[in-house]
1. Quick one: of Lys294/Lys353; Lys44/Lys327; Lys327/Lys353; Lys44/Lys379; Lys262/Lys349, which pairs are farther than 19 Å apart, Cα to Cα?
2. Starting from the eigenvalues of the Cα gyration tensor, five times each then square-rooted, give me the equivalent ellipsoid semi-axes of segment 256-443, largest first, whole Å.
3. Compute the relative contact order of segment 315-446 as a whole-number percentage, counting only Cα pairs closer than 8 Å that sit 6 or more residues apart in sequence.
4. Using the per-residue mean of other Cβ atoms lying within 10 Å as a proxy for protection, in what order, highest first, do the peptides 60-69, 394-403, 333-342 fall?
5. Taking the highest mean first, how do the peptides 260-270, 146-156 order by number of other beta carbon atoms within 10 angstrom per residue?
6. Quick check: pseudo-label points 7 Å beyond the Cα along Cα→Cβ at Asp424 and Lys200, how many nm apart are they?
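FYI, it's all coordinate maths here, none of it is from the lab. Small disclaimer: the values here were computed from a predicted structure and weren't measured. Cβ coordinates were reconstructed from backbone atoms using ideal geometry, including for glycine residues, and neighbour counts include every protein chain displayed.
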Amino acid sequence: MTMFENVTRALTRQLNPRGDLTALDSLIDFKRFHPFCLVLRKRKSTLFWGARYVHTDYTLLDVLEPGHSPSDPTDSGSFSFKNMLDARVEGEVDVPRTVKVKGTAGLSRNSTLEVQTLSVAPKALESLHKERKLAADHPFLKEMRERGENLYVVMEVVETVQEVTLERAGKAEGCFSLPFFAPLGLQGSVNHSEAVTLPKGCVLAFRVRQLMVNGRDEWDIPHLCNSDMQTFQPGEKLGEEKFTVIQASEVREVHEDFMALKEEVQRETQEVGKLSRVGQGSLLSALSNLLGKKKELQDLELELEGALDKGHKVTLEALPKDVPLSKESMGAILYFLGALTVLSEAQQKLLVKSMEKKILPVQLRLVESTLEQNFLQEKEAVYPLSPELLSSLGEEELTLTEALVGLSGLEVQRCGPQYTWDPDTLPRLCALYAGLSLLQLLACSP
């Protein structure tokens, strides 16, 4: 995970824990998520590890008929954070053998982040709605209508008040010292420093609301949405039927308990399980080659999404030409790619190592047991760990497992044994649970 991602996610936890404020993942995209920008939600998006959005290079104003421009977004308040970015480090393995996940990232004590929230004023939106209709013939709208996409409008952002350079000094993230981690590229320098400069007005997080198109040129942005609502009215789209996604307004219902996540993951693994034996083996081979290469995983995700948009059949590079992917299997693979890309590259490499050592089932039981017991727990606490969960692991396998879950924020201590639960780690542990479920299915395929 980049330093920018750590910054935006820590900020989002501070301002809006478990809410609908979305952290921006990439610094290069900050200009594309200002108020009124139009964005798309990733297919197979889930709020268990965070809905993800992609920019479109268009704003709501671009697709409306010419007319007056709305007033500038209003300032909803300023906040200053001193050392708040010390909240998280991804993990480090101390010499000689134990994993220790600390609550500090060793960030420079000189880093102060001052941000403000800007939101579209209700009166400005109401005036815009009354005075400017939709440009029904706009090429972008035509394309989105044909593909049956849902469009979302950025309505509120959290941005920097002044340019600021944030520095991190100390041990590198994922700095593993054990010899068997070295081949994975996880052995880093003890003296590590990193800095990122955020310009003034840099968007760090945002909120969206769904755009609704009624008829040819009427539009609206309702306050509340549900999974049945579509930007374009049913019957108007010409492309493939889109996947249902989870809306932010439904997050509390969806997160009722761990069973909701478990059932969701099981549905998707069943779809992958419908692939032939050759297909599953080839998918495992492809993922094994891509894990630890986050950009390549993201490129595969984009390729599959593009194929679904156009109704094309797709074969993975490692998949034989006579084993095409159905729409349903592509959707399931997209679901798991979304989970895997949430994990750091170090975790992805550790997953490959875990497959080689055949300890995925143990790791899956550990994560599943932890989530089942603590899914609704909103306070940090230390709990005993059942010795049976880890009793089958040797020293090397145990350290590898501690590192894997530790990079998601779950601190396991051999003394006891016990673990520390932090509710902020829930999204990353959910993503790890999904990734482990897929890889175990593929690794155990006959």
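1. The pairs that break the limit, which is 19 Å between Cα atoms, are Lys327/Lys353; Lys44/Lys379; Lys262/Lys349.
2. Whole-Å semi-axes of the equivalent ellipsoid: 31, 17, 14.
3. 33
4. 333-342, 394-403, 60-69
5. Packing order, densest peptide first, comes out as 146-156, 260-270.
6. If labels sit at Asp424 and Lys200, their model points lie 3.0 nm apart.
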